[in-house]
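Asker: Right, I'll just put the structure down here and ask away after.
The values are calculated or read from the model by the stated rules, or taken from the named source; none is laboratory data. As the structure is a computational prediction, the values presented were derived from the model and not from experiment. Quick reminder, even Gly has a Cβ in these numbers, built from the backbone with ideal geometry, and neighbours come from all protein chains shown.
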Amino acid sequence: MPFLPAPTDDDSGLNRRARKAEASTALELHRYRLGARFRAQVDIYESQALADANRAAVCEEMDLVDYGLSRAGTSAAKIEMTARAAQRMATINERRIMRRFGG
């Protein structure tokens with residue numbers, strides 16, 4: 001329902017200005033809505049990408065630990081090397097993910 005003033009007999013321009021203001025307001029609201037939907041969709045995509053990056057990092061870190069421990073046997077030195085390598089990988093992954101998604 002438009003909120004325009006009642007028409008006048010002399011058509012002084014008031015109605016034209018009111019219609020123009022109403023159209024401008026509707027356009028601004030439409031733009032705002034589109035922008036809000038765009039930002040929400042970007043958030044969804046970024047969250048999915050972050051989840052994928054975290055899963056990939058965790059899988060690779062776990063694979064490295066599994067591989068290192070399978071080769072380490074009972075050697076404390078090899079177990080320590082595996083732990084250091086896994087920690088190094090985790091630190092690199094953390095920095096990369098924070099750089100990419102941390103802002």
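Asker: Among the residues of segment 83-103, what is the count of those that are of a type outside the set (A, V, I, L, M), closer than 13 Å to E60 by Cα and surrounded by 11 or more Cβ atoms within 10 Å (Cβ to Cβ)? Reasoning before the result, please.
Answerer: Narrowing segment 83-103 to residues of a type outside the set (A, V, I, L, M): 84, 87-88, 91, 93-96, 99-103.
Of the ones still in play, those that are also closer than 13 Å to E60 by Cα are 87-88, 91, 93-94.
Going one step further and asking which of them are surrounded by 11 or more Cβ atoms within 10 Å (Cβ to Cβ), we end up with 87-88, 93-94.
So the count comes out to 4.
Asker: Output the residue which, of all residues in segment 73-82 that are in a helix (DSSP H, G or I) and of a type outside the set (G, A, S), is surrounded by the fewest Cβ atoms within 10 Å (Cβ to Cβ). Talk me through it step by step, then tell me what you get.
Answerer: Let us first name the residues in segment 73-82 that are in a helix (DSSP H, G or I), namely 76-82.
Restricting the remaining residues to those that are of a type outside the set (G, A, S) gives 78-82.
Values: K78: 14, I79: 15, E80: 12, M81: 14, T82: 20.
Result: E80.
Asker: Now for a separate question. Quick check on my filter: what residues within segment 56-67 are farther than 30 Å from D43 by Cβ and either touching a helix residue (DSSP H, G or I) at 6+ places or on another chain (Cβ under 9 Å) or surrounded by 13 or more Cβ atoms within 10 Å (Cβ to Cβ) (or both)?
Answerer: Step one: list which residues in segment 56-67 are farther than 30 Å from D43 by Cβ, which gives 63-67.
Result: L64, V65, Y67.
Asker: Something else: Report yes if some residue within segment 2-21 is part of a helix (DSSP H, G or I), at pLDDT below 95, among the aliphatic types (A, V, I, L, M) and within 36 Å of the chain's Cα centre (by Cα); otherwise report no. Quick ask: steps written out before the conclusion?
Answerer: Pass one, segment 2-21, residues part of a helix (DSSP H, G or I): 14-21.
Going one step further and asking which of them are at pLDDT below 95, we end up with 14-21.
Imposing the further condition that a residue be among the aliphatic types (A, V, I, L, M) reduces the set to 14, 18, 21.
Narrowing the set further to residues that are within 36 Å of the chain's Cα centre (by Cα) leaves 21.
For segment 2-21, residues part of a helix (DSSP H, G or I), at pLDDT below 95, among the aliphatic types (A, V, I, L, M) and within 36 Å of the chain's Cα centre (by Cα): present.
Asker: Sort through S47, S70 and tell me the only one that's assigned to a helix (DSSP H, G or I), at pLDDT 95 or above and surrounded by fewer than 10 Cβ atoms within 10 Å (Cβ to Cβ).
Answerer: Values: S47 fails: surrounded by fewer than 10 Cβ atoms within 10 Å (Cβ to Cβ).
Step by step, each of S47, S70 is checked, and only S70 is assigned to a helix (DSSP H, G or I), at pLDDT 95 or above and surrounded by fewer than 10 Cβ atoms within 10 Å (Cβ to Cβ).
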